[in-house]
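**Q** Mind having a look at this structure? Questions to follow.
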Amino acid sequence: QVELKRIQRETGITAIFVTHDQEEALTLSDRIGIIGAGKLVQLAEPRAIYERPRNLFAARFLGDANVLKGGRRIIRPEKLFITSGKPPKDWEEVRKARILQAIYSGPSVTYRVACDDFVGGVALAFTSDAGLQEDSEVTIGWHKRNCIRIEA
């Protein structure tokens, strides 16, 4: 991926990549077009699409997204904090949750947590802390600035 991007920049050619691999799309692209149901859903730079997706389809197409109930707000799993202790005072939103699953993958752990404030009653949190156990009670939290508003 890095080599393809280098060649493209050095030669100045325009290249169109069609992929369903989100990491590849984010890595190789200067702009990404997301197509859903035969229509262009969003066209923007990779960072803009990832951090400010227009709708839920775009948000979920480029990565995981936790959707809060009662509105169109999402939180990316890497922006969701999790602790078994007392949460820091700077967490603006705090909820109780229970760990359903801990998936260790070396440098990070994905926690699936049960929390009624999220659509489907489940949220994902990515962290480097592998010390939390399945079926334990935890606190999750986030900063309001990390909630992404999306269209209906």
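The values are calculated or read from the model by the stated rules, or taken from the named source; none is laboratory data. All figures in this text were calculated on a predicted structure; none of them were measured in a lab. Note: ideal-geometry Cβ built from the backbone for every residue, glycine included; neighbour counts use all protein chains shown. Remember, those area values only see protein heavy atoms, side chains included, never the ligands or the DNA or RNA. Shrake-Rupley method; radii C 1.70, N 1.55, O 1.52, S 1.80 Å.
**Q** Run the 1.4 Å probe and let me know the accessible area of LYS96, rounded to the nearest 10 Å².
**A** Looks like 150 Å² after rounding.
**Q** Now for a separate question. With every protein chain kept in the model, how would you rank LEU56, LEU80 by accessible area, 1.4 Å probe, largest at the top?
**A** LEU56, LEU80
**Q** Compute the helix-to-body angle for 2-11: its Cα long axis versus the longest principal axis of the chain, expressed 0 to 90° and rounded to tens.
**A** Result, in degrees: 30.
**Q** So how far apart, in nm, are the two label points at ILE103 and ASN55 if each is 7 Å from Cα heading toward Cβ?
**A** According to this spin-label approximation, the distance is 2.6 nm.
**Q** Considering only protein heavy atoms, what per residue accessible area in square angstrom results for the chain with a 1.4 angstrom probe?
**A** I get 62 Å² per residue for the chain.
**Q** Once amide H atoms are placed 1.01 Å from N in the peptide plane, what residues at a sequence separation of 5 or more from SER29, or on another chain, have their amide H within under 5 Å of its amide H?
**A** So SER29 has HN proximity to no qualifying residue.
**Q** Step through the residues of the range 40-53 one at a time and calculate ³J(HN,Hα) from phi using the Karplus curve (6.51 cos²θ - 1.76 cosθ + 1.60, θ = phi - 60°), rounding each to whole Hz and writing x for Gly and Pro.
**A** Values, residue by residue: 6, 7, 7, 9, 6, 5, x, 5, 5, 5, 5, 8, 9, x Hz.
**Q** Could you tell me what percent of the accessible area of the chain is made up of carbon and sulfur, with a 1.4 Å probe and every protein chain present?
**A** 50 percent
**Q** Just to verify a number: what accessible area does TYR50 come out at with the full protein assembly present, 1.4 Å probe, Å² rounded to tens?
**A** Ignoring ligands and nucleic acids, TYR50 comes out at about 50 Å².
**Q** For labels at LYS86 and GLU23 in the simple 7 Å Cα→Cβ model, what's the distance in nm?
**A** 3.9 nm
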